[in-house]
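These notes concern the structure reproduced below.
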Amino acid sequence: MHIRGDHAELVVGGRLDVRNAADARTVLHSALDAGRGDLVLDLTELDSWDATGLGVIMGAHRRAGRTGRRLVLRGVPDRMRRVLVATRLHRILAFEDGAQPEPPASLPACDRAR
């Protein structure tokens with residue numbers, strides 16, 4: 001995993017998983033504490049994440065709110081957007097393009113409407 005950038009924009013690449021979650025958490029929290037306004041998290045170079053990596057992103061989202069900032073995701077790969085939809089986290093996270101990922105058509109209509 002690699003993270004580069006500053007307190008306004010970070011690019012995350014490689015794998016965000018249990019092996020590097022603590023390092024990623026430290027970098028994200030430092031960037032949130034050091035800046036103002038939105039922190040854009042560019043995920044275009046991210047290959048994969050596990051539950052721990054997703055937890056790091058959600059923790060950064062919560063910390064951003066506590067510091068008066070907003071975590072904004074950019075370039076979320078489709079397979080990871082599907083995870084966000086399946087876990088319904090797409091409803092609380094901000095996306096740079098402003099578009100929330102759509103639930104897959106295979107979900108029953110009652111689940112898509114929620």
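The fraction of accessible area contributed by carbon and sulfur in the stretch 1-91 is 49 percent, rounded to a whole number (1.4 Å probe; ligands and nucleic acids excluded). Hey, what angle do you get for helix 21-34 against the long axis of the chain, alpha-carbon based, 0 to 90 degrees rounded to 10? Orientation of helix 21-34: about 70 degrees from the principal axis. Calculated from the structure at hand, Cα Rg over 2.2 N^0.38 Å is found among [x] 1.15; [y] 1.29; [z] 1.05 as [z].
Charge tally for Gly14 (other residues, Cβ to Cβ under 12 Å; Lys, Arg +1; Asp, Glu -1): -1.
Estimated purely from DSSP H runs of n ≥ 4, each contributing -39500 (n - 2.57), the mean residue ellipticity at 222 nm for the chain is -11500 deg cm²/dmol once divided by its residues.
The values are calculated or read from the model by the stated rules, or taken from the named source; none is laboratory data. Predicted model, so just to flag it, every value in this text is computed and none were measured. Cβ sites come from the backbone with ideal geometry, for glycine too, and all protein chains shown count toward neighbours. Heavy atoms of the whole protein, side chains included, go into the accessibility calculation; ligands, DNA and RNA do not. Shrake-Rupley method; radii C 1.70, N 1.55, O 1.52, S 1.80 Å.
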